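First comes the structure, then the notes that go with it.
The values are calculated or read from the model by the stated rules, or taken from the named source; none is laboratory data. Model, not experiment: these values are computed from the prediction. Cβ atoms come from the backbone with ideal geometry, glycine included; neighbour counts cover every protein chain shown. Just so you know, the surface numbers come from the protein's heavy atoms only, side chains and all, with ligands and any DNA or RNA stripped out. Shrake-Rupley method; radii C 1.70, N 1.55, O 1.52, S 1.80 Å.
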Amino acid sequence: KKVLRNERFRMHSEVEAAIQWRDGFEFHYLNGVYLPKELWQKIVSKTIPAQEAIKLENQEHRTLALQYIGGEKLMTDLGGKIIGKDQYGEIIELNLKDTQGKKFRYYVAVDPSKNEKIYLRTWPDVESPKDAMTRAYRLGRLELTYEPESRT
């Protein structure tokens, strides 16, 4: 009956099932990722609790849920506090532990192309945004640190 796709031709719909058959059978997708209907509804309505979203076992489902609820809600709902700050952003630690007993930490910076905050999970022992970026770019193995002349 209907197949809905996004601009990248991936099956996607935030309004209704992305694939629908005449007999009522349907599949729900977001950006090409299949989701059970109940989970799809919680994600698109942004009613999934942050505690549930961050603990979803399926990596693709977890990523979508966190993107839809947004970093601000994640930080607020999970007791995020700033533990490090420099010219590159902030490191926020959540009041939640991973399977190894370490607290979740996120690198927070501003995306200059959209002038919006971005939230990237980082290593649990990172203390500063500069350290997070040095590790992300694997500069430590070259004995370098993250110090760009300009950021675009």
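What to note about this one:
- Nonlocal Lys pairs with alpha-carbon distance under 22 Å, region 66-152 (8 or more apart, or different chains): 23
- Placing a pseudo-label 7 Å from each Cα along the Cα-to-Cβ vector at K81 and E116 gives an inter-label distance of 2.9 nm.
- Cleavage-rule hits, trypsin sites (Lys or Arg not before Pro), region 102-148, DSSP coil, Cβ neighbours within 10 Å at most 16: K102, K114, R138
- Separation of region 21-53 from region 112-152 is 33 Å, based on Cα centroids.
- Loop-located GluC sites (Glu not before Pro) in region 67-144, at most 10 other Cβ atoms within 10 Å (DSSP): E143
- Hits among lysines - C-alpha to C-alpha of K2 under 30 Å, sequence gap 8 or more where chains match: K37, K42, K46
- Probe 1.4 Å, accessible area per residue of the chain, Å²: 66
- Label-point separation in nm, K37 to R8, each point 7 Å along Cα→Cβ: 2.7
- Furthest towards positive pole of dipole, V44, Y106, A132, structure part region 42-152, Cβ charges: V44
- Computed from Cα atoms, the angle from the helix 59-69 axis to the main principal axis of the chain rounds to 80 degrees.
- Accessible-area composition of the chain, carbon plus sulfur, in percent [1.4 Å probe]: 47
- Within the chain, longest stretch clear of exposed chymotrypsin sites (Phe, Trp or Tyr not before Pro) (DSSP loop, no more than 15 other Cβ within 10 Å): 26-136
- The Cβ shell under 13 Å around I48 holds other residues with a net charge of +2, Lys and Arg each +1, Asp and Glu each -1.
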